[in-house]
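Input: a single structure, listed below in structure tokens.
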Amino acid sequence: MVELLPSILSADFAHLADEIAAAERGGATVIHVDVMDGHFVPNLTIGAPVVKSLRKATKLPLDCHLMVENPDALVPDFAAAGADWVSVHYEACPNLHRSLQLITKLGMKAGVVINPHTRVDLLVDVLPMVHYVLIMSVNPGFGGQAFIPASLGRIRRLAELRSQLGLSFRIEVDGGVAHDTVAQIVQAGAELLVAGSAVFGAGEAERDTRALLAAARRAAAETA
Ligand code: DX5
Ligand code: ZN
């Protein structure tokens with residue numbers, strides 16, 4: 001099942017509840033929240049207090065993508081704020097197994113994220129622990145960047161590993177998901193599609209969510 005996860009990074013931060021409601025009317029099923037600390041990535045965004053407010057504004061699951069150093073220190077705050085899914089970067093976690101255990105222990109779905117330069121096969125030993133794997137298809141830090149084409153082979157490799165290992169984690173892709181890229185991303189095996197500028201960039205979140213989701217579903221139907 002292909003799902004669209006609008007990234008609020010490209011939304012109007014003064015009207016987040018309205019932006020999310022519009023995306024939900026367009027068919028969004030999960031909301032993607034980009035948390036950046038200005039250290040792990042060269043940008044600073046939002047944290048658990050905003051998630052706490054969003055929790056009251058929508059019933060959709062909140063997928064919190066932690067682009068921070070030492071995410072373990074923040075994970076309990078996100079749990080308390082009402083996050084449903086939390087993903088941490090392979091590159092930020094020297095004790096990745098422990099980080100994923102912590103997320104699960106606090107009752108959330110755990111995800112692991114890899115940057116464009118990190119080999120997919122390095123994840124083999126943690127794949128049984130995760131609900132989802134997020135493949136970054138841009139270098140994290142900013143919305144509106146171009147999709148890196150080599151990501152397609154990485155998505156295919158992850159899908160291949162999943163079937164070889166008999167696992168059922170979901171494959172999420174983040175960065176440059178837009179009208180001109182979504183079909184090949186879905187055909188490569190991605191099911192959870194994060195999109196920021198393609199959803200919120202034109203100020204028409206309902207219309208643009210619906211259109212992107214329709215294109216994704218067409219590609220999924222052709223692939224099946
Ligand atoms: C980038 C973030 C993305 C970003 C995607 O570091 O993780 O979620 O919002 O933006 P677009 O869809 O515009 O590439
Ligand atoms: Zn993200």
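Where the eigenvalues come from the Cα gyration tensor of region 96-224, what are the semi-axes √(5λ) of the equivalent ellipsoid, largest first, in whole Å?
Numbers: eigenvalues 126, 56, 41 Å².
Largest first, region 96-224 gives 25, 17, 14 Å.
Could you give the DSSP H helices of the chain that reach 20 angstrom or more along their long axis (alpha carbon positions) and whose average Kyte-Doolittle hydropathy is no lower than -1.0? Qualifying helices, which must be both long enough and hydrophobic enough, are 151-165, 205-223.
Near the amide H of LEU192, within less than 5 Å, lie the amide hydrogens of GLU3, ILE171, GLU172, VAL173, all on another chain or at least 5 residues away, with H placed in the peptide plane. Loop-located GluC sites (Glu not before Pro) in region 1-75 (DSSP state not H, G, I, E or B) with no more than 11 neighbouring Cβ atoms inside 10 Å do not occur.
Report the full-extension gain for the segment GLN145 to ASN115: residue separation times 0.36 nm, less the Cα-Cα distance, to one decimal in nm.
On the way: separation 30, 0.36 × 30 = 10.80 nm, distance 1.41 nm.
So the extension gain works out to 9.4 nm.
Given only helices, namely DSSP H runs of n ≥ 4 each adding -39500 (n - 2.57), what is the per-residue ellipticity at 222 nm of the chain, to the nearest 500 deg cm²/dmol? That calculation yields -11000 deg cm²/dmol at 222 nm.
What longest range of the chain stays clear of loop-exposed trypsin sites (Lys or Arg not before Pro) (DSSP non-H/G/I/E/B, at most 13 other C-beta within 10 angstrom)?
On the way: sites that count: LYS59, ARG119.
The segment 120-224 is the longest one with no such site.
Structure remark: mean-square fluctuation, Gaussian network model of the chain, C-alpha springs under 10 Å; the largest value among ALA28, ALA150, ALA188 belongs to ALA150.
In the chain, with Lys and Arg counted as +1 and Asp and Glu as -1 at Cβ, which of these residues, SER163, ALA211, VAL120, has the Cα nearest the positive end of the dipole, that is, farthest along it? So the residue furthest toward the plus end is SER163.
For region 3-223, what is the relative contact order in percent, using Cα pairs closer than 8 Å and at least 6 residues apart in sequence?
Numbers: 446 pairs, mean separation 47.6, N = 221.
Reported as a whole number, the value is 22 percent.
With the Cα gyration tensor of region 140-210 in hand, convert its eigenvalues to equivalent ellipsoid semi-axes via √(5λ) and list them largest first in whole Å.
Numbers: eigenvalues 124, 32, 20 Å².
Those come to 25, 13, 10 Å.
Between the beta carbons of ALA73 and ARG156, assuming R0 = 45 Å, the FRET efficiency works out to 0.80 to the nearest 0.05.
About its Cα centre, the dipole of region 3-223 is roughly 480 debye, where the only charges are +1 on Lys and Arg Cβ and -1 on Asp and Glu Cβ.
Projecting label points 7 angstrom from Cα along Cα→Cβ for LEU167 and HIS39 puts them 2.8 nm apart. Computed across the chain, the Kirkwood hydrodynamic radius from all distinct Cα-Cα pairs reaches 17.2 Å. For region 178-193, backbone phi angles converted through the Karplus equation (6.51, -1.76, 1.60; θ = phi - 60°) give residue-by-residue couplings of 8, 4, 7, 10, 5, 5, 5, 5, 5, 5, 6, x, 7, 10, 10, 10 Hz, Gly and Pro being listed as x. Spin-label pair THR223-ASN95: with each label point 7 Å from Cα along the Cα-Cβ axis, the two points sit 3.7 nm from one another.
Work out the FRET efficiency for GLU3 and ALA57 from their Cβ-Cβ distance, taking R0 = 22 Å, and round it to the nearest 0.05.
Numbers: r = 20 Å, r/R0 = 0.89.
Working from the Cβ atoms, E equals 0.65.
Among beta bridges identified by DSSP and lying wholly in region 3-223, the antiparallel ones come to about 5 percent.
Quick note: the coordinates plus some simple rules give every number you see, no bench work behind them. Just so you know, these numbers come straight off a predicted model, no measurement behind them. Virtual Cβ from ideal backbone geometry, glycine too; neighbours counted across all protein chains shown.
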